[in-house]
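Taken together, the values in this text are just the output of simple stated rules run on the coordinates, not laboratory data. Just so we're clear, the structure is a prediction, and the values are computed from it rather than from any experiment. So basically every Cβ, Gly included, is an ideal-geometry build from the backbone, and we count neighbours across all protein chains shown.
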Amino acid sequence: MGLPPESYCHVARGHEFHGSYHDREYGFPLRGDDELFERLILEINQAGLSWLTILKKRPGFRAAYDDFDVERVAGYGERDRARLLADAGIVRNRLKVDAAIHNARQILRIRDGHGSFVAWLDAHHPRGKPEWVKLFEKTFHFTGGEITGEFLMSTGYLPGAHVPECSVYDRVAAEGPPWMR
């Protein structure tokens, strides 16, 4: 049985950028705070753009945001904000840059109460997408339904990253993503 032509699984197969992300990252559970923060920032920056644009700029994002080190980004000030807004290697949008800094600070607050970002996510699991969206909008900046949904699907908290016919589906399932618990 073939893959549905409208699925990301079909589109990504063999693609220079989408292929590797689809096969090795998309939908696989993430457990590290910096990894989760990276995915959140990439999803936020994708708003209004294509995911291909974000994948191509990913190395620039990693360099600009200190490998998505939550503590370092949380400490960014005006000089860092200006540096980011001048960096052609990333998306230069003030709201998105401000959200990255704010959200890093929020993750530090989350750590105070839960020990880690992943522990906070696990403490709120399971939830349906509407409940997740409300929680994220209350906690973070620049997170709406699409951003929150894609973040949670791409990190294994909501189903739908891969269609069951996809060869990656069973590999994701073997890692026991939270949505399967």
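Model label sites at Leu85 and Leu108, defined 7 Å from Cα along the beta-carbon direction, differ in position by 2.1 nm.
Axis of helix 145-154 versus longest Cα principal axis of the chain: the two differ by about 60°, to the nearest ten degrees.
When N is the residue count of the chain, what does its C-alpha Rg come to as a fraction of 2.2 N^0.38 Å?
Numbers: Rg = 16.2 Å, N = 181, 2.2 N^0.38 = 15.9 Å.
Expressed relative to 2.2 N^0.38 Å, the Cα Rg reads 1.02.
Return one number: the angle in degrees, 0 to 90 and rounded to the nearest 10, between the long axis of the Cα atoms of helix 51-64 and the longest principal axis of the Cα atoms of the chain. Relative to the chain, helix 51-64 is tipped by roughly 40 degrees.
How much mean residue ellipticity at 222 nm does the chain get from its helices, if each DSSP H run of length 4 or more adds -39500 (n - 2.57) and you divide by all residues, to the nearest 500 deg cm²/dmol?
Working: 11 runs with 108 residues, N = 181.
That calculation yields -17500 deg cm²/dmol at 222 nm.
In a simple Cβ point-charge model (Lys, Arg +1; Asp, Glu -1; nothing else charged), the chain has a dipole of about 400 debye relative to its Cα centre.
Close Lys pairs in the chain (alpha-carbon distance under 20 Å; sequence gap of 8 or more, or different chains): 5.
Give me the extension gain from Asp66 to Ser7: residue separation times 0.36 nm, minus the current Cα-Cα distance, reported in nm with one decimal.
Values: separation 59, 0.36 × 59 = 21.24 nm, distance 3.30 nm.
Between Asp66 and Ser7, full extension yields 17.9 nm more.
So the label point goes 7 Å from the Cα of Arg181 along Cα→C-beta, right? Which residues of the range 95-130 then have their backbone N under 14 Å from it? The answer is 116-127, whose backbone nitrogens lie closer than 14 Å to the label point.
How much length is gained if the chain between Glu165 and Thr53 is pulled fully straight, taking 0.36 nm per residue apart and subtracting their Cα-Cα distance, in nm to one decimal? Could you put the intermediate results ahead of the total?
Details: separation 112, 0.36 × 112 = 40.32 nm, distance 2.69 nm.
Result: 37.6 nm gained on full extension.
Here the calculated FRET efficiency for Lys129 and Asp98, from their Cβ-Cβ distance with R0 = 25 Å, stands at 0.50, rounded to the nearest 0.05. Helix 129-139 and the longest principal axis of the C-alpha atoms of the chain enclose an angle of approximately 10°.
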